[in-house]
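The values are calculated or read from the model by the stated rules, or taken from the named source; none is laboratory data. Not measured: the values here are computed from a predicted model. Here the Cβ positions follow ideal geometry from the backbone for every residue, glycine too, while neighbour counts run over all protein chains shown. Quick note on the areas: whole protein, heavy atoms, side chains included, nothing else; ligands and nucleic acids left out. Shrake-Rupley method; radii C 1.70, N 1.55, O 1.52, S 1.80 Å.
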Amino acid sequence: MVNLQRILFISALSFVYLPVHAAQPLSMDSLFKMNLDELLQIRMAISSNTEKPLREQTSAVTLITQQEVIRSGARDLLTLLKMVPGVTVVVDLLGVRSVAFRGISGFEGKVLLLLDGIAVNDLSTGTLALGHRIPASMIHHVEVIRGSGSVQYGGQAELMVIKVVTADSPGALVQLGNEYAKENGLGKRVSVLLSGDSNNGVKYRASIFSAREDLSGGEYQSLNGRLLDMSENTQVRPLMANAVLSYRDWQLQILHDHYEFEDQLVFGGIGELLGDHINANNAYTVLVGPGDLLFQSSAIKLDYAWAKWRGLKLKSSITLIDQINWQVQRPNRVDMSEYTAQRRQLDSSALYEFSESENVLVGISFFNDKNKLVSLTALNVSALPKDERRGDVNDFSIYGQYETSLTGLNITLGGRYEDHELVGDALLPRLTVAKAWGSWHSKFIYSKAFKIPQYDVLASSVTAGTPIEEVERETSFELELGYQVNSDILLQSNVFWQEVTDIILYEPVPSDANINAGDVSTFGIELMMISRFEWGNVDVNYSRFEVDENNVLPIEVAGRPNQLLGIANDKIVANVILDLPNHASLSIRSVAIGERYACTQDVNFICGEPTRLNEEVDVSVYYRQSMTDWFYALGVANVLDDSIVYAQAYRGSMAPVPGLSRRFQLDVGWEF
């Protein structure tokens with residue numbers, strides 16, 4: 001269990017502040033004051049067919065509001081996701097960060113991320129690379145399905161769906177951010193938000209972000225004892241631009257996402273592993289300096305609501321995505337790594353509302369993916385068969401979801417049929433039964449999901465002689481129970497059981513490929529308190545999972561059947577936001593995780609005996625002062641200077657990667 005003493009100590013700072021005189025607040029800040037009833041009445045349609053309040057959603061849903069995003073001092077989406085029950089940060093090859101959920105890593109195609117409706121996942125391998133990638137300054141709010149969303153969102157929504165809606169600002173808002181750490185020096189970021197409308201009905205919003213910061217600090221020790229100063233070798237250089245233009249029933253979105261950072265770890269050994277074809281006689285090649293890793297995506301999405309007639313609404317969209325993935329450039333190397341991928345997707349849906357409480361949604365989706373393995377350091381790509389270097393794959397699906405109210409019960413019944421050219425077809429049902437009475441509400445959720453492995457995942461398994469023969473599938477049951485104590489406090493619990501069969505994992509040794517590794521199931525509980533007072537907010541959540549059954553060798557911890565490698569069983573989050581006089585606020589955010597086990601020593605780079613990692617408490621304090629047309633903010637991240645590390649969630653070749661030490665933050669913004 002996590003140690004709460006340090007959380008309680010830092011929470012005492014909640015009652016200490018210095019009042020500052022100010023004029024009227026920045027227009028964005030004037031929207032912040034929201035009581036609990038107003039929060040619970042925010043309508044969304046992340047899992048329901050029509051927009052409904054949070055408690056009436058057909059899944060377990062977490063909403064991170066604009067207030068929490070801006071006042072928290074969080075730098076990016078990954079920091080915000082740490083506050084979501086059940087979410088843990090994990091690391092993989094080349095130091096790439098992603099998330100695990102309820103004990104299972106979502107790194108490769110198990111968690112879907114949508115930015116204004118455009119999928120951000122890597123189309124080559126399914127990777128969801130995070131960490132300084134999507135800045136908080138561009139986020140209006142975040143909606144999260146804690147559980148499967150495959151019926152509506154398809155084969156990448158197996159464990160969780162993350163839906164990010166980008167921010168806007170009346171006119172223009174320019175924000176500058178600086179962050180200083182003793183080990184890393186000064187990090188800088190800038191973002192610009194624009195929005196407006198014209199008299200002829202055209203509306204627009206646009207945002208652009210760029211930064212030069214570090215992903216890690218401190219010293220990394222590889223499994224064979226090599227040391228690397230991470231503060232000089234992990235600069236991240238994200239560039240993101242997003243624009244949304246709407247006119248009547250049309251909407252056009254353009255997204256460019258350039259995510260690049262330095263890496264010297266490679267597979268964890270601060271260099272290449274055995275036997276690459278450039279240095280076939282050299283068992284180990286130590287890199288002389290960091291290389292660069294790039295994920296880049298450019299996308300265009302056109303939406304049209306082309307019919308509204310007596311309760312019937314028809315919508316269609318076309319999405320075009322071009323990506324460069326896992327592009328690696330190394331010093332003193334000739335051969336590089338690079339994947340390219342293109343997707344052309346057509347979606348269409350029809351919603352018919354019989355009444356206010358009864359409706360049905362039917363949709364179809366088709367996409368074509370073109371993939372190419374341009375080069376790979378460990379392989380002579382030109383010698384591979386053509387179908388293992390490039391692929392042209394089609395996928396077709398049809399789905400439906402019916403919602404009705406029957407004898408006081410809100411019932412949702414849905415299903416999806418998906419046929420993928422390479423992995424075959426699947427039928428995925430889901431059922432939700434919900435009821436609200438007085439101050440209580442409850443939900444029972446049953447769902448099935450599956451993961452569509454990307455072409456390069458399948459091709460690499462064939463190349464290694466371990467072809468993936470089964471599609472990874474997930475089954476889950478959830479029971480949510482909530483009670484509104486009064487007008488200020490909501491208590492909520494969620495009990496779950498989930499099973500993933502034929503789980504697809506990357507196995508560095510001996511196959512150096514993705515494999516069907518076995519079956520794993522977990523169960524657990526998530527407890528939440530959401531409160532809104534006149535003086536501020538207090539949100540607390542606790543999540544814990546237990547291992548039910550596990551025969552997946554790459555993720556087990558020998559002698560500890562209730563542990564899964566690299567992931568803490570329990571987590572506590574406390575987020576306090578105080579409304580101070582004169583349009584100021586003070587945020588105190590604490591995330592504490594329990595013990596984990598990780599690979600730390602093995603000269604053969606397989607894993608060795610997993611070692612227990614200490615509990616962690618990551619506390620941040622952020623003060624924000626809003627003026628008439630500008631704001632400033634001061635913050636300290638990792639106040640306690642705790643040792644934050646991220647572990648690989650399977651028996652790979654990565655030792656725990658250090659995070660960042662204590663940092664001092666200064667943010668300034670101007671509204672025009």
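Placing R0 at 22 angstrom, the Cβ-Cβ distance between residue 606 and residue 227 gives a FRET efficiency of 0.65 after rounding to 0.05. Once the Kirkwood radius over Cα pairs is known for the chain, the Stokes-Einstein relation at 37 °C and 0.692 mPa s delivers a diffusion coefficient of 128 µm²/s.
Taking each pair of distinct Cα atoms in the stretch 601-667 once, what is the resulting Kirkwood hydrodynamic radius in Å? Intermediate results must be reported in sequence, preceding the final value.
Numbers: mean 1/r = 0.0676 Å⁻¹.
Every distinct Cα pair counted, the radius reaches 14.8 Å.
Please tell me which of these pairs span more than 19 angstrom C-alpha to C-alpha: 163/301; 110/435; 110/448; 82/110? Write out the running numbers ahead of the final one.
Values: 163/301 16 Å; 110/435 30 Å; 110/448 13 Å; 82/110 17 Å.
From the list (163/301; 110/435; 110/448; 82/110), the Cα-Cα distance tops 19 Å for 110/435.
A Stokes-Einstein calculation at 37 °C with viscosity 0.692 mPa s, built on the Kirkwood radius of the stretch 390-475 over Cα pairs, returns a diffusion coefficient of 211 µm²/s.
Using only alpha carbons, build the gyration tensor for the stretch 432-535 and give me the equivalent ellipsoid semi-axes, biggest first, whole Å. Please list the in-between numbers first.
On the way: eigenvalues 356, 44, 22 Å².
So the equivalent ellipsoid measures 42, 15, 10 Å along its semi-axes.
How about the stretch 166-228: which trypsin sites (Lys or Arg not before Pro) there lie in a loop by DSSP and see at most 16 other Cβ atoms within 10 Å? Listed in order of number, the matching sites are 182, 226. Across every direction, the projection of the convex hull enclosing the Cα atoms of the stretch 126-184 has a mean area of 6.5 nm². Once the 1.4 Å probe is applied to the protein heavy atoms, the chain comes out at 39 Å² accessible per residue. Our Cα-only numbers for the stretch 183-237 put the radius of gyration and Dmax at 20.1, 66 Å. Counting only residues at least eight positions apart within a chain, or on another chain, the aspartates and glutamates with an alpha carbon under 20 Å from that of residue 33 are 68, 143, 168, 488, 534, 539, 579, 629, 671. Scanning residues 5 or more positions from residue 268 or on other chains, those with amide H under 5 Å from its amide H are 94, with H placed 1.01 Å from N in the peptide plane. Relative contact order for the chain: 15 percent, from Cα pairs under 8 Å spaced at least 6 residues apart, divided by residue count. So, in Å, what gap is there between the alpha-carbon centers of the stretch 481-507 and the stretch 553-610? Centre-to-centre (Cα) distance: 17 Å. Averaging 1/r over every pair of different alpha carbons in the stretch 518-672 and inverting the result gives a Kirkwood radius of 18.2 Å. The spacing between the stretch 392-467 and the stretch 222-251, judged by their C-alpha centroids, is 30 Å. Sequence-ordered 3J(HN,Hα) estimates for the stretch 563-568 from the Karplus curve with 6.51, -1.76 and 1.60 and θ = phi - 60° stand at 10, 10, 4, x, 10, 6 Hz, glycine and proline given as x. Working ranking of peptides 642-649, 232-239 by packing, defined as the average number of other Cβ atoms within 10 Å per residue, highest first, is 642-649, 232-239.
Can you give me the Rg/Rh ratio for the stretch 121-271, using Cα atoms for both radii and the Kirkwood formula for Rh?
Working: Rg = 19.1 Å, Rh = 18.2 Å.
Here the Rg-to-Rh quotient is 1.05.
Taking N as the residue count of the stretch 58-209, its C-alpha radius of gyration divided by 2.2 N^0.38 Å amounts to 1.11.
Which order, highest average first, do 56-69, 455-468 follow once you tally other Cβ atoms within 10 Å for each residue and take the mean per peptide? Walk me through the numbers on the way to the answer.
On the way: 56-69: 21.9, 455-468: 20.1.
Averaged packing, sorted descending, gives the order 56-69, 455-468.
Rolling a 1.4 Å probe over the protein heavy atoms of the chain, with every protein chain left in place, gives an accessible area that is 57 percent carbon and sulfur. Of the residues 289, 118, 657, the one whose Cα sits farthest toward the positive end of the charge dipole of the chain, with +1 on the Cβ of Lys and Arg and -1 on the Cβ of Asp and Glu, is 118.
What order, most packed first, do the peptides 420-429, 146-155, 525-534 have when packing is the mean number of other Cβ atoms within 10 Å of each residue?
Numbers: 420-429: 16.0, 146-155: 26.3, 525-534: 17.7.
Listed from highest to lowest mean packing, they are 146-155, 525-534, 420-429.
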